[in-house]
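Each remark here refers to the structure printed beneath this line.
Values quoted throughout were computed directly from the atomic coordinates according to the rules given, and no laboratory measurement underlies them. Keep in mind the model is a prediction, meaning the values are calculated, not measured. No Cβ is skipped: glycine too gets one built from the backbone with ideal geometry, and neighbour counts run over all protein chains shown.
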Amino acid sequence: MTEVEAKSVAEETVEQVASETTNPATETTDNASKLEKLIIRQLEYYFGDSNLARDKFLQEQISKDEGWVPVDVLLTFKRLKALSEEKKVIVDAIEKSDEGLIEISEDREKLRRHPERPLPEQNEETRKEIFGRTVYVKGFAPEDGTQMSELLEFFEPYEKIVNIVMRKYHDKAMKKYLFKGSVFVTFANKDQCAEFLKKEKLEYKGKELIRKMQDDYFEEKKAERKKKDKKKEEDRFNIDHLPKGASVHLAGFNKETSRETIKETILKLDESLEVAFIDYAKTDSEGTVRFAADDAGKKFMEKLTDAKIKIDDEEITARLLEGEEEKEFLRKVVKDQQARRQNSNTRNKGRHQKGGRHHHKNGGDKRKAEGDSNDQPAKKKAQKADD
């Protein structure tokens, strides 16, 4: 499910705040203070590192007049406009900020990011630095309709949080993004981040919250994905149908040894041993014999003296594949089987698309008519079979 960066800190509080501030004349002091804080948050979000680096419209406005942006332009932003449409209220509020991020023009008509606070260069180093002061927090209640306003209020006591990202996923049935119940919280510096993590216990609506560094969270998710991928790989190349204790590695062949010779030597030792396949090519110095029945490899090993068998006058060393080594070999067997089937299907499909074989005008197969027999010795065909 796709994760979506939540809107700015305070952006999702608009409906609540707008309803509380529709009649400024009757506002209490507390509401006025709350409104100022929300305006400050909103403006500092607009001019902050996270938003300004990607806000093309605001970047265009900044480029026109030495960084200055008319308050009238800012009031076209619906989130800020919903908080207040009065320029004086906007400017008076940001003037009370102790962050020093935003500068006010002499005529109080324009705002800009303070020249002494240039936007950091957006690169991998910057990204890592931000991750180094960002915490993953899980345990909020998406089923309760948790809003950003509630999160803002909850995190208000902790200094100093510069951004909150509500992690969301896309619900295909509802065709909308829904809160996952976890957030990324970015602090102004690493010390404040560390202090937050040191808190012995943190609860939200009676439920303890899980807290960890964002980097740690990503590493854990990476490990989980790797584990899932391995499980998928194992499921895809399932080896349950293959006999266990039935694979023996042989080493020490000379360059002339063939699979037929290997099989014949094994059958002379014990005719009851059925060889399913020999993973070996002529001139190789080693290979693996896979028997057709469970524990047949163990039975074969019991018949050897000091794990040795003579093939083509060479003393061959045998070793029963066990544990992870056996599993890895059997997975390779399944992969090879599937690859052969796929290649066979591809060839057959191509043959059918071309309309089948061309026949000789006398009705026979052209290749056979020319004496090119497709017959092979029985033993040679048996070598290619792999159950």
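The table for this structure:
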quantity: Residues whose placed amide H lies under 5 Å from that of LEU202, excluding near-sequence neighbours; calculated: LEU209
quantity: Solvent-free Debye scattering, log10 I(q)/I(0), computed from the Cα coordinates of the stretch 158-264 at q = 0.10, 0.21 Å⁻¹; calculated: -0.60, -1.21
quantity: Long-range amide H partners of ASP294 with built H, under 5 Å; calculated: LYS244
quantity: Estimated dipole of the stretch 43-190 in Debye, rounded to 20 [Cβ of Lys and Arg +1, of Asp and Glu -1, Cα centre]; calculated: 880
quantity: Exceeding the 28 Å Cα-Cα cut-off - candidates LYS34/LYS160; LYS88/LYS168; LYS81/LYS199; calculated: LYS88/LYS168; LYS81/LYS199
quantity: Sites matching GluC sites (Glu not before Pro) across the stretch 142-207 that sit in DSSP coil, with at most 10 neighbouring C-beta atoms within 10 Å; calculated: GLU200
quantity: Fully extended contour minus Cα-Cα distance, from SER285 to LYS227, at 0.36 nm per residue; calculated: 17.3 nm
quantity: Where N is the number of residues in the stretch 234-342, Cα Rg divided by 2.2 N^0.38 Å; calculated: 1.05
quantity: Label-reachable residues, the stretch 274-289, where backbone N falls under 15 Å from a point 7 Å from GLU325's Cα toward its Cβ; calculated: 286-289
quantity: Karplus 3J(HN,Hα) series, Hz, for the stretch 148-154 with 6.51 cos²θ - 1.76 cosθ + 1.60 (x for Gly, Pro); calculated: 4, 4, 5, 5, 4, 5, 5
quantity: Förster radius 30 Å - calculated FRET efficiency between GLN192 and LYS88 (Cβ-Cβ, nearest 0.05); calculated: 0.35
quantity: Cα-based Rg / Dmax (Å) for the stretch 190-251; calculated: 22.1, 67
quantity: Within the stretch 172-251: Cβ-based charge dipole about Cα centre, in debye rounded to nearest 20 (Lys, Arg +1; Asp, Glu -1); calculated: 480
quantity: Computed E for ALA339/LYS268 - FRET, C-beta separation, R0 45 angstrom, nearest 0.05; calculated: 0.85
quantity: 22 Å tail of the calculated P(r), the stretch 48-146, as % of Cα pairs; calculated: 44
quantity: For the stretch 126-200, average projected area of the Cα convex hull in nm²; calculated: 5.8
quantity: Extension gain, ASP55 back to HIS241 (0.36 nm per residue minus Cα-Cα distance, nm); calculated: 61.2 nm
quantity: Under Karplus coefficients 6.51, -1.76 and 1.60, residue-wise ³J(HN,Hα) of the stretch 262-272 in Hz, glycine/proline x; calculated: 4, 5, 4, 5, 5, 5, 5, 5, 7, 5, 6
